[in-house]
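Participant: Please see the structure below; I have some questions.
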Amino acid sequence: MKNNYQWKSDLSTLLQGYLTEKQMTGFKFKYQSRELERFDDYFYRNGYSGIRLTKPMADKFIYGVDYEKSSTHYKKEILLNGLAEFLIRQGYTVFVPPIKSAPKKRCSHMFFVK
C-alpha cells in the first residue's frame, strides 16, 4: 500500500528532500520516514513557520512524550541530528541536536571468580 501522507509544514519540501537523499544512498529509512511525517505534523500543529530548527523545538519533539523509552529518544536524536546536518548543507543555520541517549551496552558474559 502506498503512503498517502499529506506534507503540510514549511519544512515539508526539505523533509522530503532529506528522505530522498537517504533512500538514494541505500537506506530503506522506513521507520525514519514515519518519524519525519510526525515531525512535519508536529511542526505544522505547533504553528512553527519558516525553515528553522531550534533547541526547544527539537527537545519537545524528541523528549516530549513521557511514556517513550530512551531508545526511542535515541532514534529521534539521530534522525533530527541528520536532518539538521542536511539543512546546514542546504545553507540554513539550525540547531543540531546532540546524540546523548545512546543505550547502555551490557556485558552478556558472566565471570566467575574462584
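Coordinate-derived values only; no laboratory data. Predicted model, so just to flag it, every value in this text is computed and none were measured. Positions of Cβ are generated from backbone atoms using ideal geometry, with glycine treated the same way; all protein chains shown enter the neighbour counts.
Participant: At 27 Å minimum axial length over the Cα atoms and a Kyte-Doolittle cut of 1.6, report the qualifying DSSP H helices in the chain, or say none.
Facilitator: Correct list, ordered by number: empty.
Participant: While we're on this one: Work out, in µm²/s and without decimals, the Stokes-Einstein translational diffusion coefficient of segment 12-89 at 37 °C, 0.692 mPa s, Rh from Kirkwood over C-alpha pairs.
Facilitator: Estimated via Stokes-Einstein, D reaches 253 µm²/s.
Participant: Where does the chain land at 222 nm, in deg cm²/dmol rounded to the nearest 500, when only DSSP H runs of n ≥ 4 count, each adding -39500 (n - 2.57), divided by all residues?
Facilitator: After summing the helix terms and dividing by the residues of the chain, the value is -16500 deg cm²/dmol.
Participant: Are there any trypsin sites (Lys or Arg not before Pro) in segment 1-107 that are in a DSSP loop and have at most 14 other Cβ atoms within 10 Å? List them by number.
Facilitator: Loop-located and lightly packed - 2, 8, 28, 69, 100, 104, 105, 106.
Participant: Follow-up question, since we're still on this one. If the cut-off is a Cα-Cα distance under 13 Å, which aspartates and glutamates reach residue 55, setting aside same-chain residues fewer than 8 apart in sequence?
Facilitator: Cα-Cα hits under 13 Å: 77.
Participant: Place a +1 charge on the Cβ of each Lys and Arg in segment 12-89 and a -1 charge on the Cβ of each Asp and Glu, then give the dipole magnitude about the Cα centre in debye, rounded to the nearest 20.
Facilitator: Roughly 100 debye for segment 12-89.
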